[in-house]
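Inspection log for the structure reproduced underneath, given as C-alpha cells.
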Amino acid sequence: RGYMCKPLAVLASTLDEVLLVDHDARFHIDPARLFSTKAFVNDGILLFRDRMRMQIPGKPVKDASRFLRQLVRRRLASPEFLRSVGGQYARQRLPWPWQPSAELLASPMLSGDSNHAIDSSVLLLGKSRAPQVIATLYTLHERYRHELYANLHGD
C-alpha cells in the first residue's frame with residue numbers, strides 16, 4: 001500500500017517495458033503511442049514534468065529539494081552510497097567517480113526552485129534499456145525507503 005506500490009510494481013514485473021498509470025489519469029490519445037516517442041526510444045524512459053511549487057497547500061511541509069541535494073552530495077562523497085544491495089540487480093554498478101548529469105544540475109528541484117520534478121501519474125520505463133535506473137530504484141527501496149518516503153511526497 002501507499003507510495004511504495006509503483007516502484008515495487010516496476011521491480012516485480014516480468015515485463016521489460018512497463019507503463020504505470022494512476023487510476024485517475026486520462027489519455028486523449030492511444031497510450032501505446034508513448035512507446036514510440038523520441039524520448040522513450042532514445043533513453044528507455046519517459047517522464048513528465050510536475051508543477052513548479054515549493055509546497056502544496058494543506059500538505060505537510062517536506063523539503064524535497066534539500067533532500068535531493070543531500071542525496072547528490074552523499075553520492076559524490078562515497079562510492080558505497082547507492083551501491084547495489086544484492087539480488088538480481090547486484091550486477092548493475094553505478095559508475096565511480098560519479099558525475100551528475102547536466103539535466104540534474106539544471107533541474108528546478110536541485111536548484112531549490114521547486115519541490116516537485118516528475119509527475120508520477122504516468123511513467124514509461126524500458127527496464128533493460130535503463131539498467132542503472134532500475135538498480136538505483138532497487139537500492140533506494142531496499143536501503144533507504146524510510147528516509148526516502150519521510151522526505152518526499154508521493155511516489
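I'm trying to understand the selection: among the residues of the stretch 1-13, which are surrounded by fewer than 10 Cβ atoms within 10 Å (Cβ to Cβ) and modelled with pLDDT under 80? The answer is Arg1, Gly2. Of all residues in the stretch 70-93, exactly one satisfies the criterion of being under 22 Å from Lys6 (Cβ atoms), assigned to a loop (DSSP other than H, G, I, E, B) and at pLDDT 70 or above, namely Leu82. Residues in the stretch 14-47 that are more than 12 Å from Arg129 (Cβ to Cβ) and open to solvent by 80 Å² or more (accessible area, probe 1.4 Å): Thr14, Leu15, His23, Asp24, Arg26, His28, Ile29, Asp30, Arg33, Ser36, Lys38.
Can you work out which of the residues in the stretch 1-44 that are assigned to a loop (DSSP other than H, G, I, E, B), among the hydroxyl-bearing types (Ser, Thr, Tyr) and under 23 Å from His141 (Cβ atoms) is farthest from the chain's Cα centre (by Cα)?
Filtering the stretch 1-44 down to residues assigned to a loop (DSSP other than H, G, I, E, B) leaves 1, 13-16, 22-30, 37, 44.
After this cut, where a residue has to be among the hydroxyl-bearing types (Ser, Thr, Tyr) as well, the list is 13-14, 37.
So of that shortlist, the ones also under 23 Å from His141 (Cβ atoms) come out as 13-14.
Working: Ser13: 17, Thr14: 19 Å.
Checking each candidate, the answer is Thr14.
State which residue is nearest to Phe48 (Cα to Cα) when the search covers only the stretch 97-128 and only residues that are more than 17 Å from the chain's Cα centre (by Cα), at pLDDT 75 or above and open to solvent by 30 Å² or more (accessible area, probe 1.4 Å).
Taking the stretch 97-128 and keeping what is more than 17 Å from the chain's Cα centre (by Cα), we get 97-99, 111-113.
The next check asks that each one be at pLDDT 75 or above; those that pass are 97-99, 111-112.
Now restrict to residues that are open to solvent by 30 Å² or more (accessible area, probe 1.4 Å): 97-99, 111.
On the way: Pro97: 29, Trp98: 25, Gln99: 23, Ser111: 19 Å.
Looking at the filtered set, the residue picked out is Ser111.
Total residues in the stretch 30-69 satisfying the condition of being modelled with pLDDT under 85 and among the polar types (S, T, N, Q): the figure is 2.
The values are calculated or read from the model by the stated rules, or taken from the named source; none is laboratory data. Here the structure is a predicted model, which is why all the values come from computation and not from measurement. Reconstructed Cβ throughout: ideal geometry from the backbone, glycine too, with neighbour counts over all protein chains shown. Protein only, heavy atoms only, side chains kept; ligands, DNA and RNA dropped before computing areas. Shrake-Rupley method; radii C 1.70, N 1.55, O 1.52, S 1.80 Å.
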